[in-house]
Amino acid sequence: MNKRRGRLFYEQNADSTLYYALQARQVAFRHDYDQGLADATNNLGVVFDIKGNIQLALRYYNDAYNQYVALGDSSNIVQTLMNIGSVYNVSGRDDKAQSHYDRAMTLGDRIEHDSVTAILIYNYILLYPQKFTNAKRTALIDRAYGIAKKYSDVRLELAIDQLRAVELISGGQRDKGLLLLENTLDRALALELNYLSMDLLLDLGDLYLAGDRDRAIGFYTKALSLAEQKNYRMYARDVCRKLYDYYMSQKDNTDAFVYSRKLLKLYEEQAEIDRVSGIDYIEYAVKDQQLISAQLKSRYNATMAWLAVAVCVLTLLVIVILWRSWKLSKNTNRMLTMQFRQLETTSDALEKSNQNYARLIKIVAHDLRNPIGGINALCSLLQDEDTSSEEARQYVDLIRESSTSCLHMISDLLQTDFDFKETELQKKPVDLPVFLDHAIMLLTFRAAEKNQRLVLDELPSVTINADPDKLLRVLNNLIVNAIKFSAEGETIRVNVSHDDKGVTIAIEDNGLGIPKTAIPGIFDPFTTSKRAGTAGEQAFGLGLYISKQIVEAHGGRIWFETEEGDGTTFYIFLPGENVGTLSPA
């Protein structure tokens, strides 16, 4: 009841509002009534807002906001955000004012009880019309008017008509806007909506002052009469100030003196009211905070006392239980620790083993595709009726070499730990021109499937010291990649250069090139940079990783030059210690 009476009194008697709001706050606090506490706190913010104490108004509005948030009271959250924004507007902090209004609008769009949203729209447009485009302002005003109609809120309907009139005037329809404003005033006076009527009278006076001063003075005079009749001292002071300023500007000292007398009388009456009421609002706020702090401290002390007793009892119980459990669990813990360590070691070993097996299977599948593909192509040629016996013998020799290479590859992969070391290489002298010619012959049939040509440029006579099987895997991977990522009919070149430092083998294509995003991980095992070839060939992301391992085991290095859309050249460099006889062709 105190809370409701506080709301009824605040427009005309701030002292009574303060009294009843504080009473309501105390009752709500004693009975743990959170909703009542939040409402009373919000009303205290209203009191200090009316009295012009911005700091205290913000404090109570913010307290109320936090309490409404804890309650999940969306409508009142919107209201307090709007109140805080209005206080910031009065203090000239427009950025913070608009920020709070924006937050209120965002939440107002989602709440079910949207009557407060209409008031929010009205206040926001009234304070910051420039924030919105003409179309947006019109849409918001129509929305607010629809809400007012839904709740039959005549006062809000008239207030929105006031906004519409202002919109018409600012939009160049001054006569139409003034007519709507005067009609709204007549309806407000008929319904005795005095505060709204005062705002309308002052707006009309301000709007007519520049062009029709007699009419403007008429509206000001009528506003002053209503303010004196209803004892609206703040409005009366505002109107007297406007009339005094007007007559002073007209050098009409007689009428100016009349309104200066009225202003002086109003200030004297307010001073007498403040003296008689004897209310020190700041002292009230301080005492209110002290009382709340004392109540919270009392609750805290009582809670801590009960908590201390409970902790003591629980501590004794825990000590007894722990003492008994300690004897039983000591040996058990020791056994469990040992078993856990054993399981952890076994688990790590199994996980590593599983990872190696999975990687091994993928590598085997990848590396066997090339020789098996060659065998398949050679078998197709053997079935051709036009194949001569000499050609058939050559094809059979090639099939035998490819199958032998497959067996060696499988044997090597089953023994590998994915890190090729030089000690594992079976090095021997390799005639590089013959070796490269043989490697290209094995893949010629693969290139022919896409009408491509494998060209081996004229080579120097060089003998290198290397593992031929593993080096063949590298060349197979690089040449097959060139085939895969080159279009039909393209030419793929293989050439060799050498100097005192070693031998460099280059595989050059004019294919798709490597995208910049794929370059950093191109040599990673199981790289995600893989993509399909020009004929949809599948990629496994293993070939370049394996090739890099083998080349580096020979003490060399592998790199590439590429231009996306314009081909790629891969280079294999084997240092001088791998080279036997170096002599130009």
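For this structure, a couple of remarks:
- Selection status of residue 267, touching a Lys or Arg at 6+ places or on another chain (Cβ under 9 Å), of a type in the set (Ser, Thr, Tyr) and farther than 30 Å from residue 134 by Cα: yes
- Within the stretch 366-394, the set of residues being farther than 17 Å from residue 449 by Cα, of a type outside the set (D, E, K, R), surrounded by 10 or more Cβ atoms within 10 Å (Cβ to Cβ) and at pLDDT 65 or above comprises 368, 387, 392, 394.
- Qualifying residues in the stretch 103-131 (those that are of a type in the set (Lys, Arg) and modelled with pLDDT of 85 or more) - the one farthest from residue 166 (Cα to Cα): 103
- Flag for residue 207 being modelled with pLDDT of 90 or more, farther than 26 Å from residue 116 by Cβ and buried (at least 20 other Cβ atoms within 10 Å of the Cβ): yes
- Residue in the stretch 228-252 that is nearest to residue 206 (Cα to Cα), counting only those that are within 55 Å of the chain's Cα centre (by Cα) and of a type in the set (Phe, Trp, Tyr): 235
- Sole residue being more than 54 Å from the chain's Cα centre (by Cα) and among the basic types (Lys, Arg), chosen from 516, 470, 450, 501: 501
- Selection from the stretch 534-544 of residues that are within 37 Å of the chain's Cα centre (by Cα), crowded, with 17+ Cβ neighbours inside 10 Å and either at pLDDT 70 or above or of a type in the set (A, V, I, L, M) (or both): 542
- Boolean, residue 351 is at pLDDT 70 or above, in a helix (DSSP H, G or I) and within 27 Å of residue 446 (Cβ to Cβ): no
- Whether a residue is buried (at least 18 other Cβ atoms within 10 Å of the Cβ) and at pLDDT 90 or above was assessed, and residue 232 does not pass this test.
- Residues (within 28 Å of the chain's Cα centre (by Cα) and more than 18 Å from residue 106 (Cβ to Cβ)) located in the stretch 47-65: 62
- Residue 151 vs. criteria out of contact with any Pro (no Cβ under 7 Å at 6 or more places or on another chain), at pLDDT below 85 and either under 23 Å from residue 117 (Cα atoms) or not aliphatic (A, V, I, L, M) (or both): yes
The values are calculated or read from the model by the stated rules, or taken from the named source; none is laboratory data. Computed from a predicted structure; not experimentally measured. Cβ: placed from backbone, ideal geometry, glycine included. Neighbour counts: every protein chain shown.
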